[in-house]
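Encoded as C-alpha cells, the structure appears first; notes follow it.
Values quoted throughout were computed directly from the atomic coordinates according to the rules given, and no laboratory measurement underlies them. Everything numeric here is computed off the predicted structure, so don't read it as measured data. Please note: Cβ atoms are built from the backbone with ideal geometry, for glycine as well, and neighbour counts cover all protein chains shown.
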Amino acid sequence: MLKQLKGGLGPLFAILALVLTFGAKGATEYMTQEAFLAQAFSGGQPQQGTVWLKGELKSQLKTLMGEGYPKLRVRYWEQQGRTAWVLESVGKDQPITFGYVVENGTIIQARVLMFREHRGWEIHRDAFTRQYQGVSLDGNALSEIIDGISGATLSVHAMNRTAKMALFLADHVNR
C-alpha cells in the first residue's frame, strides 16, 4: 500500500513537520508582573502580603471557583486600599496568568499577563478585558455578565474564575 502513494512518504513527513513547527503555539507574555505592578501602583512601592489558602478559606474558594486552587499561598500587593493579584487558572490544558487590581470591592484593571494555550489568546485584548472594570462579587457570581469569545470559552471561564478569586481575596484581606 505504501508503494501506491505518489511521491512516497516525503510529502506526508513535510506536512507533519510544518504542523509541528507552526501549529504549536508557545507561551506568550503580554505583560511582565513587574510592569503590571508598576502600572497598578504608579505612586510608590506597594507592600507585599501573603494569603495562606487553608482550612475554611480554601473551602470557600473551591465553592466560589467551582474547583480547588492548586497553590498553598497567594501573594498580593497593597497600597492605600488598592490590592493587586497575580493568579493562574488552567484554560483547556495550560495555566493562564492573570493580573487584577481591586479597589473598594471592584475590579479596576484586569490583564492577561501570560498565555500558554493553543486557542483563546484573544482574551488578552483590551476590548475583552475592559468588561471586568467595575465588576464586583454578587454572592458567588460576578456582578456583570462577561461576553464570551467564540473559540475561547475555556480561557474566558479561567479568567472569570480568577476574577472572582481576586475579588474574594481582596475582601478577605481588607476585613
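Over the alpha-carbon set of segment 35-115, divide Rg by the Kirkwood Rh and report the Rg/Rh ratio to two decimals.
So for segment 35-115, dividing Rg by the Kirkwood Rh gives 0.97.
Quick one: Trp121, Trp52, fewest Cβ neighbours within 10 Å first, how do they rank?
Ascending number of Cβ neighbours within 10 Å: Trp52, Trp121.
Restricting to lysine pairs 8 or more places apart or on different chains, what number in segment 26-173 have Cα atoms under 17 Å apart?
7
Need the C-alpha centroid separation for segment 28-51 versus segment 132-175, integer Å.
19
Using only the alpha carbon atoms of the chain, find the Kirkwood hydrodynamic radius as the inverse mean reciprocal pair distance, in angstroms to one decimal.
17.7
Quick check: net charge around Ser136, other residues with Cβ under 14 Å of its Cβ, Lys/Arg +1 and Asp/Glu -1?
My count for the surroundings of Ser136 gives -3.
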